[in-house]
Amino acid sequence: MHTTVRHRPAALLTAPLALAATLLTAFLVLGTPLPASAHDSLQASSPAADTTVETLPAELTLTFSAKLIDGEGATEVVVTDAAGRSVTDGAATVDGAIVTLPLVAEADAGVYHVIWKVVSSDGHPTDGEFSFTVATSTLTEPTAAPTTAPAPSETPSAEQSPPATATTEGTPADGDAFLGALPWIIGAVVVAGLGGAVVAVMVSRARRRGAASDSDDASAR
């Protein structure tokens, strides 16, 4: 018995293997997640996050992983004290990957909060926040004002009476009073003169009557 052996072409054997390899490669490529585009991140700060400094520094610096995109409204940094009051002393400036923010010269001790927002080199905004502590206050103590005695009041008090004046408004002077009383004085002098005259006449008549009586008595003798 003669057996016939048929040889298949090599291309027919390798084609399924090539197709399987292609499918496996596509599966590995599509199934493996591609690395996402990473935004620029904060690498360091001064003062550093969660640290304690002796006094509030003159400025805050933030260092990022790449050069930032600068422009109006692109970079915003705020620093507040424990009471929520801002201690910034001007606008933040960007120099490559470094952001600098000036701070006030006098500040109280306590915890300070930093909030920042920048635009990464890929054009996407990123933000964050952290805190640090100030150990010593640099606030100036207010100077006590000198105590001065109150100025004397120019208005007389209820217990004091205003000084008396020689004449008051509406009261006639001495000359006016004399002129007002002059008619009464003249009238009194006239009345006194008339009274004196009447008395003199009556005395004269009485004397005459007495002399006449004496004469009659002498003739009768």
**OP:** For a footprinting-style exposure proxy, rank ASP70, ASP127 by other Cβ within 10 Å, fewest first.
**Re:** ASP127, ASP70
Original post:
In terms of modelled amide H atoms, which long-range or inter-chain residues lie less than 5 Å from the amide H of ALA82?
Top reply: VAL111
Original post:
Amide H to amide H, which residues 5 or more places from ASP89 or on other chains are under 5 Å from it, using H placed in the peptide plane?
Top reply: LEU103, VAL104
Subject >> HN-Hα J in Hz across segment 191-206 - Karplus 6.51, -1.76, 1.60, θ = phi - 60°, x for Gly and Pro >> reply: 4, 5, x, 4, x, x, 5, 4, 5, 5, 5, 5, 5, 5, 5, 5
**OP:** Assign one of three labels to segment 51-118, namely rounded, prolate or oblate, based on the Cα gyration tensor with a ≥ b ≥ c the square roots of its eigenvalues; rounded applies when a/c is under 1.5, prolate when it is not and a/b is larger than b/c, and oblate otherwise.
**Re:** prolate
Original post:
Cα gyration tensor of segment 93-132, axes a ≥ b ≥ c as square roots of the eigenvalues: rounded (a/c below 1.5), prolate (a/b > b/c) or oblate?
Top reply: oblate
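Readers should treat all values here as calculations from the given coordinates under stated rules, not as data from a laboratory. As the structure is a prediction and not an experimental result, all values here were calculated from the model. Note: ideal-geometry Cβ built from the backbone for every residue, glycine included; neighbour counts use all protein chains shown.
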